[in-house]
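Below: the structure, in structure tokens.
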Amino acid sequence: MQTLNQDIKDRSFKSAYLLFGDEAFLKKSYKNRLKEAITGGDTMNYNYYEGKGINVPEILGMADTMPFFAEKRLILVEDSGFFKGGGEAESLAEYLPNVPDTTCLLFVETEVDKRSKLYKAVKKHGYAAEMVRQEPAQLARWAAGVLAREGKKITGRTMDLFLSKTGDDMENILSELDKLISYTLGRDVITDADVEAVCVTQVTNKIFDMITAISSRQTRKAMDLYEDLLTLKEPPMRILFLIARQFNQILQVKELMGKGMDKSTIASKLKLAPFVAGKIMLQAKSFTKEQIFSYVNLCVDAEEAVKTGKLADRLAVELLIANHY
């Protein structure tokens, strides 16, 4: 992202950019920043294409068209599927070395095959920026900066609590920060109580609570949390995936604890917030390594049972939750 920031600052734009990855907030942010920097809000020299079935010859024709009373023409192509390889995308790849100095192509995609000709062409003749989920320390600095601009202060411990509730989706974090800022109007310090009062616990946190309930043999509580997730329209198979992921994380933490590593070392190694690492360490202490392996295998068996039609997805997860090791 440093390259993008520098290009925007210097107003020295490459012939092509690709923004991709699963961090939607960053993709949207840099898409808008590049668009504003290149066009200055001018719609006359801006062309937008979205979705499958885009007419590639039309894009090439527009790219060869001189901008009208402006330095640059911007062509934005979003969610095209061009970077999965093959088809008309190859003609775009062949065209990239010949993009006029007066044109900038900006691609914004979710799925990208780094082996595709178009990806390699953008990387060679322009710039490809992968927008990944940010690490806890980066998210904490960014969130603290958002609060500071509003005259708000927050301790590291309260920030950990906040991020443990919001997860790592930056769009969601910003939404929850807005709620906190409004809730604490007239005060400059945000407390744990403020976070507990207004911040919504994300699905992954309910999974965390569910596994805590399983570890303490509170089957009824675990089932209630499962029902909550179903009410929130979470598909049973996604819940199963999140349970499996959590048990895998507990297993990793258990192994690192066995090597004598402390909370901060484990958090750094697994790229977790210290607050989250501490909670997983408590869960890891509640299970033997054999029990964790058993639950991981149960998750695999449950998925197999659903895929082969032996069990309905909802029932498969219920049986997993009810199992005691």
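Only one residue in Lys152, Lys114 is open to solvent by 40 Å² or more (accessible area, probe 1.4 Å) and not hydroxyl-bearing (Ser, Thr, Tyr). Which one?
Lys114
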Output for region 6-33, where each listed residue is in contact (Cβ under 8 Å) with a residue 40 or more places away in the chain and not in a helix (DSSP H, G or I): Phe13, Lys14, Ser15, Ala16, Tyr17, Leu18, Leu19, Phe20, Gly21, Asp22, Glu23
Positions within region 25-45 being under 20 Å from Ile59 (Cα atoms), crowded, with 20+ Cβ neighbours inside 10 Å and not β-branched (Val, Ile, Thr), in sequence order: Leu34, Asn45
Unmet requirement for Tyr49, which otherwise passes all of (1) within 30 Å of Glu171 (Cα to Cα); (2) open to solvent by 40 Å² or more (accessible area, probe 1.4 Å); (3) of a type in the set (Ser, Thr, Tyr): (2)
Matching residues, region 14-29, being farther than 19 Å from Leu118 by Cβ and either at pLDDT 90 or above or out of contact with any Ser or Thr (no Cβ under 8 Å at 6 or more places or on another chain) (or both): Glu23, Ala24, Phe25, Leu26, Lys28, Ser29
Every residue from region 132-141 that is of a type outside the set (D, E, K, R) and exposed (fewer than 15 other Cβ atoms within 10 Å of the Cβ): Val132, Ala137, Gln138
Number of the exception - Lys206 against (1) under 22 Å from the mean Cα position of the chain (by Cα); (2) open to solvent by 60 Å² or more (accessible area, probe 1.4 Å): (2)
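Mind checking whether some residue in region 258-276 is under 20 Å from Thr219 (Cα atoms), under 28 Å from the mean Cα position of the chain (by Cα) and not basic (Lys, Arg)?
First, the residues of region 258-276 that are under 20 Å from Thr219 (Cα atoms): none.
No: region 258-276 contains no residue that is under 20 Å from Thr219 (Cα atoms), under 28 Å from the mean Cα position of the chain (by Cα) and not basic (Lys, Arg).
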Failed item, numbered, when Gly258 is tested on (1) of a type in the set (Gly, Ala, Ser); (2) touching a helix residue (DSSP H, G or I) at 6+ places or on another chain (Cβ under 7 Å); (3) within 25 Å of Pro136 (Cα to Cα): (2)
Residue check for Met159: within 30 Å of Phe287 (Cβ to Cβ), of a type in the set (A, V, I, L, M, F, W, C) and in contact (Cβ under 8 Å) with a residue 40 or more places away in the chain: no
Members of region 260-272 that are free of Cβ contacts under 8 Å to residues at least 24 places away in the same chain, farther than 15 Å from Lys285 by Cβ and not β-branched (Val, Ile, Thr): Ser264, Ser268, Lys269, Leu270
Helices (runs of 4 or more DSSP H) fully within region 170-270 counting 1 or more residues that are in contact with a Pro (Cβ under 8 Å, 6 or more places away or on another chain) and not assigned by the TED database to the domain that holds Asp160: 219-231, 263-270
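The values are calculated or read from the model by the stated rules, or taken from the named source; none is laboratory data. Quick caveat: nothing in here was measured; it's all calculated off a predicted structure. Here the Cβ is made from the backbone with ideal geometry for all residues, glycine too, and neighbour counts use every protein chain on show. Just the protein is used for accessible areas: all its heavy atoms, side chains included, with ligands, DNA and RNA removed. Shrake-Rupley method; radii C 1.70, N 1.55, O 1.52, S 1.80 Å.
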